[in-house]
Amino acid sequence: NVTLMPEEAEDMWHTYNLLQIGDSLMASTIRKVQTESSTGSVGSSRVRTTLCLCVDTIDFDSQACQLRVKGTNIQENQYVKMGAYHTIELELNRKFTLAKKIWDSVVLDRIEQACDPTQKADVAAVVMQEGLANLVLVTPAMTLLRAKVEVTIPRKRRGSCTQHEKALDRFYEAVMQGILRHINFDVVKCILVASPGFVKDQFMSYLFREAVRQDSKILLENRPKFMLVHSSSGHKYSLKGREHVLITLFMLCLLCDSQAAGEVKALEDFYKMLKHEPDRAFYGLAHVEKASEALAIDILLISDKLFRHQDVATRSRYVRLVDNVRDNGGTVRIFSSLHVSGERKFCSFHIQ
């Protein structure tokens, strides 16, 4: 078993990937208990106790980064009988102990990644168009939507643009407040401002004009971190695609050493090879396993979603594939299913 303590929201995502049905989880929780006094009156109260559950159901809220685990109690205490059902909501800065019958290489790598203090949300992006903006944090494991701003922008009218300009100022002000509220400038190395047309340029002019007027030192000191890129729209899905923001992110983040950039480059290389040298690029489990048996895989791209499969035999099949590629000198890149670069199907390519 291992004892871990989640310190930030992303740690809940790592824990979600560690948990499997049948594991044992010991953590502090709140339990409603009934007590009977000497006079026979019955009362109820909520007490904090430590329970050990056999995991039966795992529920993860990706937006709130909350993790709830339901299971049966396997260690009786003064409040909860053996076999009673209970739901534990794991909390930040509270330790929990996880016990497994089998600790495979993928799980151990996940623990090492989660405990690495250098793994932080080092890139933020503001994807916008007139009246719509999405503020996201790009971490090594996830793409987290932190704020969505929507403001109705009236059309320009002949002879008067006053209402249009006032609405734009309200929109830009809301986006600026979202940046100040949700971006940790001590951690983030670059902030991408993306839009079609000139919306991003107009917003940046407004942002630093207001920063000077309000004497916002945090914005003025971090001005070099803001970078303008093109996107097809202000929706979050603009972070995907060959021609969109995260491809540009690779070139930009050579300056800021972002892990997301490495994943995007690997995916881009795969698609280039699939287009220009299709005999060297393979996808689908059966074809990839045959390439592995032939010791032909140079780089394996795989989604972490596959390792959450509840069938032990199926999960072991993917773990065995990863171990074989590593043992034979290949490189394995595990993509997070909550990261924009990992929202694609399982794939791999090899060098003949």
Practice item. For the range 286-336, name all the residues that are under 15 Å from N17 (Cβ atoms) and in a helix (DSSP H, G or I). Key: D304, K305, L306, F307, R308, R315, Y318, V319, V322
Practice item. Collect the residues in the range 206-226 that are loosely packed, with under 13 Cβ neighbours inside 10 Å, of a type outside the set (V, I, T) and either assigned to a helix (DSSP H, G or I) or at positive phi (or both), keeping them in residue-number order. Key: R209, R213, D215, K217, L220, E221, R223, P224
Point to revise | Filter result for T118 (out of contact with any helix residue (DSSP H, G or I) (no Cβ under 8 Å at 6 or more places or on another chain), β-branched (V, I, T), modelled with pLDDT of 90 or more and at negative phi) | key: no
Check your understanding: How about the range 182-205: which of its residues are surrounded by fewer than 22 Cβ atoms within 10 Å (Cβ to Cβ), charged (D, E, K, R) and under 19 Å from G131 (Cα atoms)?
Key -> D201
Review point. Do you know which residues across the range 100-110 are farther than 22 Å from K70 by Cα and either of a type in the set (G, A, S) or open to solvent by 30 Å² or more (accessible area, probe 1.4 Å) (or both)?
Key: S105, L108, D109
Point to revise | Of the criteria (1) touching a Leu at 6+ places or on another chain (Cβ under 9 Å); (2) more than 23 Å from W13 (Cα to Cα); (3) modelled with pLDDT under 85; (4) open to solvent by 60 Å² or more (accessible area, probe 1.4 Å), which one Q352 fails | key: (1)
Point to revise | Complete set of residues in the range 181-205 that are part of a helix (DSSP H, G or I) and within 19 Å of S231 (Cα to Cα) | key: V199, K200, D201, Q202, F203, M204, S205
Revision key, fill the gap. Subset of the range 272-317, residues in contact with a Cys (Cβ under 9 Å, 6 or more places away or on another chain) and open to solvent by 40 Å² or more (accessible area, probe 1.4 Å), comes to L274, F282, Y283
Practice item. Could you please find all residues in the range 227-239 being touching a residue at least 12 places away in the same chain (Cβ under 8 Å) and open to solvent by 20 Å² or more (accessible area, probe 1.4 Å)? Key: M227, L228, H230, S232, H235, K236
**Study point:** Number of the exception - M26 against (1) open to solvent by 60 Å² or more (accessible area, probe 1.4 Å); (2) in a loop (DSSP other than H, G, I, E, B)
**Key:** (2)
Review point. Out of curiosity, is S231 of a type in the set (S, T, Y) and at pLDDT 75 or above?
Key: yes
Point to revise | Among the residues listed as T39, T3, T49, T97, the single one being open to solvent by 60 Å² or more (accessible area, probe 1.4 Å) and assigned to a strand (DSSP E or B) | key: T3
Review point. Restricting to the range 52-86, what's the tally of residues that are part of a strand (DSSP E or B), open to solvent by 50 Å² or more (accessible area, probe 1.4 Å) and more than 12 Å from T29 (Cβ to Cβ)?
Key: 6
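The values are calculated or read from the model by the stated rules, or taken from the named source; none is laboratory data. Predicted model only: the values in this text are computed from it and were never measured. Don't worry about glycine lacking a Cβ; one is built from the backbone with ideal geometry, like all the others, and counts go over all protein chains shown. Heavy atoms of the whole protein, side chains included, go into the accessibility calculation; ligands, DNA and RNA do not. Shrake-Rupley method; radii C 1.70, N 1.55, O 1.52, S 1.80 Å.
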